[in-house]
Amino acid sequence: MKPVMQPMPMPEHNGIARAPTLWQGGWYRYARALTSPNFGARPTGAQIDLIVIHSISLPPGEFGNGSVQRLFTNQLDWEAHPYFQGIRGQQVSSHFFITRLGALWQFVACSDRAWHAGQSCYRGRSNCNDDSIGIELEGIEGGPFEACQYETLSGLCAALLQVYPIAHIAGHEHIAPGRKQDPGPGFDWSLLQRSLALPPQCFPVSN
Ligand SMILES: [Zn+2]
C-alpha cells in the first residue's frame with residue numbers, strides 16, 4: 001500500500017493558520033538588532049509614509065570595521081581615526097544599516113523616531129525624522145553599491161510596504177538638498193523601482 005503524504009500542519013491561532021510574524025513591536029524579524037539610545041517618540045498621529053536612503057562608511061571608504069554600529073550606539077572611539085574628530089560627539093542613528101555584504105542591522109524600532117535626517121523637508125513636510133524610516137547603505141557618496149545590498153534593500157522595503165503607508169522613497173540628498181549628497185549618483189534608483197514594482201511617482205523627480 002502506498003503511503004499517503006500528509007501536509008505539514010501549520011501553527012494555528014483561533015483556527016487560522018499563521019505565517020511567522022515579520023514585525024514585532026517595530027523590529028524586523030530578519031534584521032540583527034542592536035539597540036541605539038539615539039531615538040525618541042514620533043509625534044502623535046505621524047503617518048510613516050517616507051523611506052530615506054543614505055550612504056555611510058567610517059572613515060569614508062573603509063568597510064566592515066564595525067564603526068557605523070559603534071557610532072549609532074555611542075560607542076565610537078573619537079580618537080581612533082583623525083576623521084572621527086569631525087563628527088565627535090554626534091548622537092545619531094538610523095533604523096537600518098545594510099553592509100557591503102548585504103547583512104541587515106536594525107538600531108531603532110520603526111515605531112520610534114530615529115535621528116538620521118537632520119534639517120529636512122520633503123513632500124511639503126519638514127522634520128523628516130518625524131515620519132520616515134531611515135536606511136543606511138554601507139558605501140561612499142557617489143560610489144556604487146553591491147548587488148547584495150540592493151537585494152537586502154528591496155526585501156526590506158517590501159516588508160515595510162506591508163505594514164506602513166509608504167508613498168515615497170527618496171535619498172538624503174533629496175530631503176536636504178544643498179546640505180547632503182548621499183547616497184549620490186552611484187545609487188541605482190531605477191533598479192530599486194523595478195524590484196519593488198512601484199510607480200515612478202514614489203521616487204525623486206530628478207531620477
Ligand atoms: Zn545621510
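We did not get these values from a lab; they are worked out from the coordinates using the rules stated. Note that the coordinates shown come from a computational prediction; the quantities given were computed from them, not determined experimentally. FYI the Cβ positions are ideal-geometry reconstructions off the backbone, even for glycines, and counts take in every protein chain you see.
Given the options Phe107, Phe96, name the one that is in contact (Cβ under 8 Å) with a residue 40 or more places away in the chain, among the aromatic types (Phe, Trp, Tyr), within 21 Å of Glu173 (Cβ to Cβ) and away from the ligand (no atom under 12 Å from the Cβ).
Phe96
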Go through the stretch 169-202 and report how many residues are closer than 22 Å to Gly118 by Cα and away from the ligand (no atom under 16 Å from the Cβ).
1
Matching residues, the stretch 118-156, being free of Cβ contacts under 8 Å to residues at least 12 places away in the same chain and either part of a loop (DSSP other than H, G, I, E, B) or closer than 15 Å to Ala46 by Cβ (or both):
Gly124, Arg125, Ser126, Asn127
Suppose we keep only residues that are among the hydroxyl-bearing types (Ser, Thr, Tyr) and either in a strand (DSSP E or B) or exposed (fewer than 11 other Cβ atoms within 10 Å of the Cβ) (or both) within the stretch 18-59. Which one would you say is farthest from the ligand (Cβ to nearest atom)?
Thr21
All but one of (1) within 13 Å of Ile133 (Cα to Cα); (2) more than 15 Å from the ligand (Cβ to nearest atom); (3) not in a helix (DSSP H, G or I) hold for Ala159, so report the exception by its number.
(3)
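More than 16 Å from the ligand (Cβ to nearest atom) and in contact with a strand residue (DSSP E or B) (Cβ under 7 Å, 6 or more places away or on another chain) - does that describe any residue in the stretch 71-82?
Of all residues in the stretch 71-82, those more than 16 Å from the ligand (Cβ to nearest atom) come to 73-82.
Right, trim to in contact with a strand residue (DSSP E or B) (Cβ under 7 Å, 6 or more places away or on another chain) and you get none.
No; the residues of the stretch 71-82 include none that is more than 16 Å from the ligand (Cβ to nearest atom) and in contact with a strand residue (DSSP E or B) (Cβ under 7 Å, 6 or more places away or on another chain).
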Looking at (1) within 13 Å of the ligand (Cβ to nearest atom); (2) among the β-branched types (Val, Ile, Thr); (3) surrounded by fewer than 20 Cβ atoms within 10 Å (Cβ to Cβ), which is the one condition that is false for Ile135?
(3)
